[in-house]
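> Pasting a structure here, questions to come.
All of the numbers you see were taken from the coordinates with simple rules; none came from a lab. Because the structure is predicted, anything quoted here is derived from the model rather than measured. Backbone-built Cβ (ideal geometry, glycine too); neighbour counts: all protein chains shown.
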Amino acid sequence: MSDALPPLAPELQVSRWYNTAQPITLRSLRGRVVLLHAFQMLCPACISHGLPQARRVHELFPREQVVVIGLHTVFEHHAVMGPDALAALIHEYRWPFPIGIDMPGSDGDGVPRTMRELALQGTPSALLLDRGGRVRLHHFGATDDMALGAMIGQLLAEAPTAALAASDMAKSRAGDHSVRADCDGGGCVAR
């Protein structure tokens, strides 16, 4: 049995925020469970499933315990999914949670920076971070509401101080945010 801790999530690399007065850092959210939903506005499963699910989580759980963040991570059709189009979508659907625009990749391949750092396969993708900022769920595709709710409940039931202490240990082991994970629907294992 391995005592390896799941990796800390790298900080978000966001060029612009919506629905928040201040930029958000994952470090500032330590002590709370975080649902990060990566989406593209032209992704049918994001519009029909992922974003509505993110709204339900945002509405059901107290914000001092669970924070929902949307990450618009565009890896295709860049010209039609700019900030103005996203602002119109957010307004039209009235998405109430903070949404950031993932910064474009630096190597010209079209993969945004946070998407690359989080090793996302595509959209929709859901990541759950425990109170210590560790990646506990890394899922590509639609996620069942009951399974997601159960996982959030499990993370809320964990002792907050244990999660934060474990995150500090993981930070010192990792030395930086280059740790990657092998993930499935049940959680992530550092490699």
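> For region 111-161, state what percent of all Cα-Cα pairs lands in each successive 10 Å bin, counting from 0 Å until the bin that includes the largest distance.
Going out from 0 Å in 10 Å bins, region 111-161 shows 23, 47, 26, 3 percent.
> Of Pro104, Leu42, Leu127, which is farthest towards the positive pole of region 1-138's charge dipole, taken about the Cα centre with +1 and -1 on the beta-carbons of Lys, Arg and Asp, Glu respectively?
Of the candidates, Leu127 comes out farthest on the positive side.
> Rounded to two decimals, what ratio of Rg to Rh does region 21-81 give with C-alpha atoms and a Kirkwood Rh?
On the way: Rg = 13.1 Å, Rh = 12.8 Å.
Rg/Rh: 1.02.
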